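Student: Structure incoming, see below.
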Amino acid sequence: MADYLSIIWPDDKYRTEWEERVGQEFSGSIKRDLNAERIVNAVFARTKKDKDKLERLFYYPLRDADPIAFRLEVMQDIRTIPALFEILSEFSKAIPEIRDTYAKSLENRNPEQDAARVLEAACMYISTANFFYDSTKDLDIKSRALIRMRKHFEDVVSSDSFKEMSETALKLQADLKDASSFFMALNSGPSSLGIVRGTFNVDDSITGKLVKNADILFRNVQKTNCSIYNSVPTTALEVQLIDCFKKQKPEVFSRLADFRVKYADYPFTEDGITEYEFEFYLAYISFVRQLEERGFVFCVPRISQNNEERVFGVYDLGLAQEVFEQGGNSTRVVGNDFQITQDERVLIITGPNQGGKTTFARSVGLFQVLAQVGCLVAAREASFMIMDKMLSQFPERENVGGNKGRLSEEIIRIAEMLRGVTKDSFIIFNESFASARRADGAELGRQLIKILLDIGCKVLFVTHLYELSQELDEDPNFEGVVSFMAEAVETEDGSGRRTYKIIRKTSTGLVFAMDIAKRTGVTYGQIQKLLQERKILPVKEASK
């Protein structure tokens, strides 16, 4: 049995526990509210195999420090050792090719062809094992995953069984080369076939005559190399050709048959290595590199040791990807700093409309998800706490025709969410209770925040209800609440210039809504003028 060689799980118990949890949890809020689906689709846009497995890794973040750190170590190695990306790329391509070649040897189509496939798989494995060890032995690798894999291949290539197989396989491959390779010619006609080269002795059989007279029989032909390693079914003609080769070198083919018997069960298929795990790192690093070329920054986050979270320059990765697709660069995306101390539980985010509150909420949520997946994060520098659940509640369209109003459905969703929340959970509320009368919405907000403080979970509470910030920030009954505000600089015309910076500050109550009305053409004067132009409202009536 192969060593445990996973590069995303330090131990199989973590994989088992995670897979059991995946079947029981709902990840829709991460996909929808945080826009993680855009990131996942961009990361695996070119991935053709095991996409469902890879996507699940992103939609169900880890809860334990050990597997998170395990993955972050690999990310750090790939980031800091330039040659490692190409080494892992080549290695991950070779493994499925070896498996595919070996699988074909079990199809029982032709004894010689099946034996040749075992030999080919063995030679590919010999080359791959030597390549991985030779390429990594002098690298300053620090991740447990890659050190473990390097040690595995060091043990493999230094073993007596591997050395013996290598010597036998490479010698047999060289001896078989002349006997196994020949040229076939396809005539310009629809079904003609002939042999162009036949340097061996031929007999008087039909096959022998065909080989002997191939140059005469065919003209205007297209030559193509063909081998007994061929993956297509063996034809009757090929069987006769192989018999010809066996007559020329019976000893070589006898050794080939012996090799198949001896090494058919050799573990050169490396069942302990799963290629989609390499794709997890390679696809994500490729995605990051594309964005870095446009000026976006990423870092390897650290797991917090003091139950605090400090993030510098975090930005909305989904927005960054949208900007990238439009041909833009990092100058169009604003990063923010934020900190959550051990005693701070609920962060109330207020500020003017279109000031960046929702974007900030998504950037923090995506940061938390990617950090707990074990990936690079969209920030200059970061440390994070590990949460057991990541939940979100963003506004949804009202269910037209339903028997409940928007507020009622929202409260039901929040109640269901709170049933599974613990002190180690992280929740993002975005404009909750916006459909309620302002006074009622503020009261519902107070009660919800009090419940969340009692639970002890971490909360990002984005709201237009600025009075929550003003009333609760210094209230001793709401200890653990801290206020942030989307910054806007007041201009001469009374509108607010958005900086999209989120600053630690109690709300001022300024929302600068009129400039949005002006930009969208819905002020009283603008609507009045429009109605006049359409002759819906008389000019004289409007002037009164």
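The values are calculated or read from the model by the stated rules, or taken from the named source; none is laboratory data. Everything numeric in this text was worked out from a predicted model, so none of it was measured. Here Cβ is always computed from backbone atoms with ideal geometry, including for glycine, and neighbour counts include all displayed protein chains. Side chains included, ligands, DNA and RNA excluded: accessible areas come from the protein's heavy atoms. Shrake-Rupley method; radii C 1.70, N 1.55, O 1.52, S 1.80 Å.
Student: Could you please tell me which pairs satisfy a Cβ distance under 9 Å, a separation of 6+ or placement on different chains, a first residue in segment 398-425 that is basic (Lys, Arg), and a second residue that is at pLDDT below 90 and open to solvent by less than 40 Å² (accessible area, probe 1.4 Å)?
Tutor: Matching pairs, first to second residue: Arg413/Gln393.
Student: Next up: Out of curiosity, is Leu291 outside the structural domain of Gly356 (by TED's automatic domain parsing), closer than 22 Å to Gln76 by Cα, of a type in the set (A, V, I, L, M) and crowded, with 18+ Cβ neighbours inside 10 Å?
Tutor: Spelling it out, Leu291 is indeed outside the structural domain of Gly356 (by TED's automatic domain parsing), closer than 22 Å to Gln76 by Cα, of a type in the set (A, V, I, L, M) and crowded, with 18+ Cβ neighbours inside 10 Å.
Student: Pull up segment 25-40, narrow it to residues that are assigned to a helix (DSSP H, G or I) and modelled with pLDDT under 90, then point me to the one that is most open to solvent (accessible area, probe 1.4 Å).
Tutor: The extreme case among them is Arg32.
Student: So, one more: Any idea how many residues of segment 41-56 are surrounded by fewer than 14 Cβ atoms within 10 Å (Cβ to Cβ) and closer than 25 Å to Glu20 by Cβ?
Tutor: Residues that pass the stated criteria total 3.
Student: Shifting gears a bit: What pairs come out if I take residues in segment 96-109 that are of a type outside the set (Lys, Arg) and pair them with residues that are in a loop (DSSP other than H, G, I, E, B) and exposed (fewer than 15 other Cβ atoms within 10 Å of the Cβ) whose C-beta lies under 9 Å away, six or more apart or interchain?
Tutor: Pro96/Lys49; Asp100/Ser231; Thr101/Ser231; Glu107/Pro233
Student: Filter segment 57-113 down to residues that are among the hydroxyl-bearing types (Ser, Thr, Tyr) and in a helix (DSSP H, G or I) and give me whichever is surrounded by the fewest Cβ atoms within 10 Å (Cβ to Cβ).
Tutor: Thr80
Student: So which of Asp215, Asp243 ends up being at pLDDT below 55, open to solvent by 10 Å² or more (accessible area, probe 1.4 Å) and not in a loop (DSSP other than H, G, I, E, B)?
Tutor: Asp215
Student: Going by what's in this entry, would Ile141 be described as closer than 21 Å to Leu5 by Cβ, open to solvent by 10 Å² or more (accessible area, probe 1.4 Å), assigned to a loop (DSSP other than H, G, I, E, B) and not hydroxyl-bearing (Ser, Thr, Tyr)?
Tutor: yes
Residue by residue, here is whether (1) in a helix (DSSP H, G or I); (2) touching a residue at least 40 places away in the same chain (Cβ under 8 Å); (3) open to solvent by 10 Å² or more (accessible area, probe 1.4 Å); (4) of a type in the set (S, T, N, Q) holds:
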{"position": "Ala439", "(1), (2), (3), (4)": "yes, no, yes, no"}
{"position": "Leu453", "(1), (2), (3), (4)": "yes, yes, yes, no"}
{"position": "Phe461", "(1), (2), (3), (4)": "no, yes, no, no"}
{"position": "Val482", "(1), (2), (3), (4)": "no, yes, yes, no"}
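Student: I've got another one for you. Can you say whether Ser159 is out of contact with any helix residue (DSSP H, G or I) (no Cβ under 7 Å at 6 or more places or on another chain), open to solvent by less than 60 Å² (accessible area, probe 1.4 Å) and small (Gly, Ala, Ser), as far as the supplied structure shows?
Tutor: Spelling it out, Ser159 is indeed out of contact with any helix residue (DSSP H, G or I) (no Cβ under 7 Å at 6 or more places or on another chain), open to solvent by less than 60 Å² (accessible area, probe 1.4 Å) and small (Gly, Ala, Ser).
Student: Glu20 fails exactly one of the following numbered conditions: (1) more than 26 Å from Leu391 (Cβ to Cβ); (2) open to solvent by 70 Å² or more (accessible area, probe 1.4 Å). What is the number of that condition?
Tutor: (1)
Student: Of these, Asn306, Asn353, which one is free of Cβ contacts under 8 Å to residues at least 40 places away in the same chain and either open to solvent by 60 Å² or more (accessible area, probe 1.4 Å) or part of a helix (DSSP H, G or I) (or both)?
Tutor: Matching residue, one of Asn306, Asn353: Asn306.
Student: Collect the residues in segment 358-397 that are charged (D, E, K, R) and in contact (Cβ under 8 Å) with a residue 12 or more places away in the chain, keeping them in residue-number order.
Tutor: Arg362, Arg380, Glu381, Asp388, Lys389, Glu396
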